[in-house]
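The values are calculated or read from the model by the stated rules, or taken from the named source; none is laboratory data. Please read all numbers here as calculations on a predicted model, not as lab measurements. Methodologically, a virtual Cβ is constructed for each residue, glycine included, from the backbone with ideal geometry; neighbour enumeration extends over all protein chains shown.
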Amino acid sequence: MVGALGKNFATFASRLRGGHGCDTAAAAAVWAVSKRFMSSSGESITVREALNSAIDEEMSADSKVFVMGEEVGEYQGAYKVTKGLLQKFGPDRVLDTPITEAGFAGLGVGAAMYGLKPIVEFMTFNFAMQAIDHLINSAAKTNYMSGGTINVPIVFRGPNGAAAGVAAQHSQCFAAWYGQVPGLKVLVPYDAEDARGLMKAAIRDPDPVVFLENELLYGESFPVSKGVLDPSFTLPIGKAKIMREGNDLTLVAFSKMVGYALKAADELAKEGISVEVINLRSIRPLDRETINASVRKTSRLLTLEEGWPQHGVGAEICASVVEESFYYLDAPVERICGADVPMPYAANLERLAVPQIDDIIRAARRACFRKEDMRQATA
Amino acid sequence: MALRQAWQKTGKALNRGAIAPAVIAFARPLSTSADPIVLDIPVPFKGHNVEAPSQSVETSAQELVGFFKTMFVMRRMEIAADSLYKSKFIRGFCHLYDGQEAVCVGMEAALNERDCIITAYRDHCTHLGRGGSVLEVFAELMGRKDGCSLGKGGSMHMYNKKGGFYGGNGIVGAQTPLGAGLAFAQKYLKADGVTLAMYGDGAANQGQLFEAMNISALWDLPVIYVCENNHYGMGTAEWRSAKSPEYYKRGDYVPGLKVDGMDCLAVKQAVKFAKEHALKNGPMVLEMDTYRYHGHSMSDPGSTYRTRDEISGVRQERDPIERIRKLLVTHELASVADLKAIEKEAKKEVEDALAKAKESPAPDSEELFSHIYRKSYGSEAYGADRKEVTVKLP
């Protein structure tokens, strides 16, 4: 915590010297200390702001980048992710499309084949199923089929997975479906830093990228360092991030579930289980190296996802760990997933259909061969 | 047939025109005049929400001889592919274009290097028209290294980005929104070109075609939707699949023209007209009334849903190569002997390419894992047995 404060201090001190007109170090210290009580560290931005600023900066840097989708322009974005872009870049570069996913996804792919860099928004990835032929057969496979002569530098982005109360047709997680396809890159940001860095990397990438966001994360604020806010900031594609180090159990999650994993890890720490939380950031390429290195340290694996269990992301991770790190395992690999059901509407049923913190804690204890909170047993 | 001509026999060097480079090689001293001739096409255009262009088409001896040569090479190439398939050098799918040559050849006469073409899977001749070689077509069909897609695409996936040819697409109808996207990019980058998005009568009922037409009309994209109506979608005749088989009208608010697709000059005129329209006013539909002699693919004899009389009737009355031959001979632009000589050279060109293609080796095993991505970040890819084959992508 002291280290974080020190970093804060330096950040705020320099910012104050830069523009806030208050020159003394003492004043800067007061400012930094008071800021500490307001937010945990540094500047905070929402995931929405992170995505918006990333797209804005990349459009400014490269005139070939344009945005297309339903309500991205005049409506300012169905979830306000593209707010302000029409005003800034004009209707030639921010295009409102009719409700014709197959048509505009195909159009985006064709434009990318010619050499432009489209960002195609699907209002949710549920609707992308109407266009999925273009993502797979027109975008993913073309570089290969053409012997490397035609690449498709397109980004397909939008909310993925469950929101709240939107029921069966609007709640599916597509990470496993797209993650299976060679030729696609599939990214799954969690926090604001992920959103900025991965979006910029995706836009600059010469291959088709499926960028799976989460509606419930758009409004969440996360602290970011100055470096993250720099226009040159990108994150590497295919590298997971260790959010929290631990020694007893490797917990692998992506997107919204990373937040759940971190909360569960906090709870588990109280009963002496030290959890290492991995934020995948990328479904394809999958960072098997980081995952396996972690499991070889902790000897236990638990995967976490909102999507359906059968043939899911967790299934691939478990298989990979069993193949690569079998002899390091002290417990069976396990998956926590969404329930094997179409998403129900009723709030109590919906709660049962997606993982809860308790589910993670229970499974973690199981991996450590404990039935309950060990503190109670010894009380 | 009205004819106005002013020409002289000179040994002028050929200008580029739109003649495929492979064909320029054996130009002959006679009939090379580039002086304009105006010929009337017999079958008038039919317009939908647009005034049809004139039936008088400007051409030249050189252009007509070029049509003849190019179509003849294409015809020989497709017939050779038929034999290759039957002797199992070609596997999987093979959709032949013979009979339809006038469409792609007539189109090229009205296009330039700034224009783009995208088509479906009956693409061998379209690829040739865009500057591809017979060698790379044969090698690709046989899955060899020297194929235009390194042997990794096959019959349906031939591309030539530099030549403005975007495939070669296996999913019926998918190429139409892709074509709208190419046109979008041309407009965005002010490339001063049009895209011809080609599809068949079978694809003409696809929803995504109408989605593409809607967006391209809304956004004034320079795209021309070319329906190659050969009257059969696989084994289903047009009257069994379309409530309205008047495909040039199906664009509704998008104007259309019906064109005799067996007549190179009619095709050229229509495309020239449509290109001017598209660059100013947005999309147009061209329905090419054409015919394929082969079945849908090599697994289709082509005679269970149409009569042999119908096929031979079209060959007799409307064959595109014979039409040009008659034109050239009747207007004394070439003698029967000249044309025979051209045929002989064309046959040789195709045979030489075939022999060379047969010598081309299969791709190296490493090619299994190349070109999955343009940029791979060193990620891994696995063979069937990952403990045996794991590759770090470049």
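Exactly one condition in (1) surrounded by fewer than 24 Cβ atoms within 10 Å (Cβ to Cβ); (2) farther than 26 Å from residue A:274 by Cα; (3) within 14 Å of chain B (Cβ to nearest Cβ); (4) in contact (Cβ under 8 Å) with a residue 40 or more places away in the chain is not met by residue A:219; state its number.
(3)
Does residue A:236 qualify as being within 22 Å of residue A:67 (Cα to Cα) and in a loop (DSSP other than H, G, I, E, B)? Working first, answer last.
Numbers: within 22 Å of residue A:67 (Cα to Cα): no; in a loop (DSSP other than H, G, I, E, B): yes.
Spelling it out, it is not the case that residue A:236 is within 22 Å of residue A:67 (Cα to Cα) and in a loop (DSSP other than H, G, I, E, B).
Looking only at helices (runs of 4 or more DSSP H) that lie completely in the range A:333-379, which have at least 2 residues being in the same structural domain as residue A:256 (by the TED database) and touching a helix residue (DSSP H, G or I) at 6+ places or on another chain (Cβ under 6 Å)?
Details: elements: A:347-353, A:357-367, A:374-377.
In the range A:333-379, the matching helices (runs of 4 or more DSSP H) lie at A:357-367.
For residues that are within 14 Å of chain B (Cβ to nearest Cβ) and either in a helix (DSSP H, G or I) or on the phi > 0 side of the Ramachandran plot (or both), scanning just the range A:249-299, find the one that is surrounded by the fewest Cβ atoms within 10 Å (Cβ to Cβ). Outline the logic, then answer.
Pass one, the range A:249-299, residues within 14 Å of chain B (Cβ to nearest Cβ): A:280-292.
Pick out the ones that are also either in a helix (DSSP H, G or I) or on the phi > 0 side of the Ramachandran plot (or both) and you get A:281, A:288-292.
Details: A:281: 27, A:288: 19, A:289: 14, A:290: 20, A:291: 22, A:292: 19.
Applying the filter and picking the extreme gives A:289.
Within the range B:379-394, restricting attention to residues that are of a type in the set (Gly, Ala, Ser) and either facing another protein chain (nearest Cβ under 9 Å) or in contact with a strand residue (DSSP E or B) (Cβ under 7 Å, 6 or more places away or on another chain) (or both), which residue is surrounded by the fewest Cβ atoms within 10 Å (Cβ to Cβ)? Explain how you work it out, then say what you get.
The first filter runs over the range B:379-394 and keeps only residues of a type in the set (Gly, Ala, Ser), leaving B:379, B:381, B:383-384.
Pick out the ones that are also either facing another protein chain (nearest Cβ under 9 Å) or in contact with a strand residue (DSSP E or B) (Cβ under 7 Å, 6 or more places away or on another chain) (or both) and you get B:379, B:381.
Working: B:379: 20, B:381: 17.
Selected residue: B:381.
Inside the range A:119-156, can you point out the residues that are touching a residue at least 40 places away in the same chain (Cβ under 8 Å), out of contact with any Pro (no Cβ under 9 Å at 6 or more places or on another chain) and farther than 19 Å from residue A:180 by Cβ?
Result: A:119, A:120, A:121.
Out of the range B:169-197, which residues are closer than 14 Å to residue B:118 by Cα, in a loop (DSSP other than H, G, I, E, B) and within 8 Å of chain A (Cβ to nearest Cβ)?
Hits for the range B:169-197 are B:169, B:170, B:171, B:174.
Sort out which residues of the range B:357-375 are more than 8 Å from chain A (Cβ to nearest Cβ) and either over 29 Å from the mean Cα position of the chain (by Cα) or within 25 Å of residue A:185 (Cβ to Cβ) (or both), and write them in order of number.
Our first condition is that a residue be more than 8 Å from chain A (Cβ to nearest Cβ); within the range B:357-375, this holds for B:357-369.
Those that are more than 8 Å from chain A (Cβ to nearest Cβ) and either over 29 Å from the mean Cα position of the chain (by Cα) or within 25 Å of residue A:185 (Cβ to Cβ) (or both): B:363, B:364, B:365, B:366, B:367, B:368, B:369.
Step by step: first the residues of the range A:151-171, then only those that are assigned to a loop (DSSP other than H, G, I, E, B) and crowded, with 21+ Cβ neighbours inside 10 Å, then the one that is nearest to the other protein chains (Cβ to nearest Cβ). Which residue is that?
Result: A:151.
Does the range B:338-360 include one or more residues that are assigned to a loop (DSSP other than H, G, I, E, B), surrounded by fewer than 17 Cβ atoms within 10 Å (Cβ to Cβ) and out of contact with any strand residue (DSSP E or B) (no Cβ under 9 Å at 6 or more places or on another chain)?
Within the range B:338-360, the first condition is being assigned to a loop (DSSP other than H, G, I, E, B), and the residues that meet it are B:360.
Filter again for surrounded by fewer than 17 Cβ atoms within 10 Å (Cβ to Cβ), leaving none.
Checked the range B:338-360: no residue is assigned to a loop (DSSP other than H, G, I, E, B), surrounded by fewer than 17 Cβ atoms within 10 Å (Cβ to Cβ) and out of contact with any strand residue (DSSP E or B) (no Cβ under 9 Å at 6 or more places or on another chain).
For the condition touching a Lys or Arg at 6+ places or on another chain (Cβ under 6 Å), outside any helix (DSSP H, G or I) and buried (at least 18 other Cβ atoms within 10 Å of the Cβ), what is the one hit in A:186, A:210?
Details: A:210 fails: touching a Lys or Arg at 6+ places or on another chain (Cβ under 6 Å).
Exactly one residue qualifies, and that residue is A:186.
Which one of these does residue B:70 not meet: (1) part of a helix (DSSP H, G or I); (2) farther than 30 Å from residue B:329 by Cβ?
(2)
Given the options A:241, A:200, name the one that is more than 14 Å from chain B (Cβ to nearest Cβ), within 30 Å of residue A:330 (Cβ to Cβ) and under 17 Å from the mean Cα position of the chain (by Cα). Spell out how you get there, then give the answer.
Values: A:200 fails: within 30 Å of residue A:330 (Cβ to Cβ).
Of A:241, A:200, the one residue that is more than 14 Å from chain B (Cβ to nearest Cβ), within 30 Å of residue A:330 (Cβ to Cβ) and under 17 Å from the mean Cα position of the chain (by Cα) is A:241.
Can you tell me how many residues in the range B:198-235 are part of a loop (DSSP other than H, G, I, E, B) and at the interface with chain A (Cβ under 8 Å from one of its Cβ atoms)?
Our first condition is that a residue be part of a loop (DSSP other than H, G, I, E, B); within the range B:198-235, this holds for B:201-202, B:206, B:219-222, B:230-231, B:234-235.
Add one more test, that the residue is at the interface with chain A (Cβ under 8 Å from one of its Cβ atoms), and what stays is B:219.
The total comes to 1.
From the residues in the range A:64-78 that are crowded, with 21+ Cβ neighbours inside 10 Å and part of a loop (DSSP other than H, G, I, E, B), which one is nearest to the other protein chains (Cβ to nearest Cβ)?
That would be A:73.
If we scan the range B:121-143, do we find a residue that is at the interface with chain A (Cβ under 8 Å from one of its Cβ atoms) and either touching a Ser or Thr at 6+ places or on another chain (Cβ under 7 Å) or crowded, with 23+ Cβ neighbours inside 10 Å (or both)? Quick ask: steps written out before the conclusion?
Here is the first cut: in the range B:121-143, the ones at the interface with chain A (Cβ under 8 Å from one of its Cβ atoms) are none.
Taking every residue of the range B:121-143 in turn, none turns out to be at the interface with chain A (Cβ under 8 Å from one of its Cβ atoms) and either touching a Ser or Thr at 6+ places or on another chain (Cβ under 7 Å) or crowded, with 23+ Cβ neighbours inside 10 Å (or both).
Which one of these is over 20 Å from residue A:325 (Cβ atoms), in contact with a strand residue (DSSP E or B) (Cβ under 9 Å, 6 or more places away or on another chain) and not aromatic (Phe, Trp, Tyr): A:272, A:259, A:227?
Numbers: A:272 fails: in contact with a strand residue (DSSP E or B) (Cβ under 9 Å, 6 or more places away or on another chain); A:227 fails: in contact with a strand residue (DSSP E or B) (Cβ under 9 Å, 6 or more places away or on another chain).
Step by step, each of A:272, A:259, A:227 is checked, and only A:259 is over 20 Å from residue A:325 (Cβ atoms), in contact with a strand residue (DSSP E or B) (Cβ under 9 Å, 6 or more places away or on another chain) and not aromatic (Phe, Trp, Tyr).
Out of all the residues in the range B:258-271, is one or more polar (S, T, N, Q) and crowded, with 20+ Cβ neighbours inside 10 Å?
Just the residues of the range B:258-271 that are polar (S, T, N, Q), to begin with: B:269.
Remaining after also requiring crowded, with 20+ Cβ neighbours inside 10 Å: B:269.
Checked against the condition, which is being polar (S, T, N, Q) and crowded, with 20+ Cβ neighbours inside 10 Å, the range B:258-271 yields at least one hit.
Output the number of the condition that residue B:376 fails; it satisfies all remaining conditions of (1) touching a His at 6+ places or on another chain (Cβ under 9 Å); (2) surrounded by 18 or more Cβ atoms within 10 Å (Cβ to Cβ).
So residue B:376 meets the others, but not (1).
What are the residues in the range B:82-120 that are without any contact (Cβ under 8 Å) to a residue 24 or more places away in the chain and closer than 21 Å to residue A:146 by Cβ, if any? Break it down stepwise before answering.
Taking the range B:82-120 first, the residues without any contact (Cβ under 8 Å) to a residue 24 or more places away in the chain are B:83, B:87-88.
Listed by number, the list is empty, since nothing qualifies.
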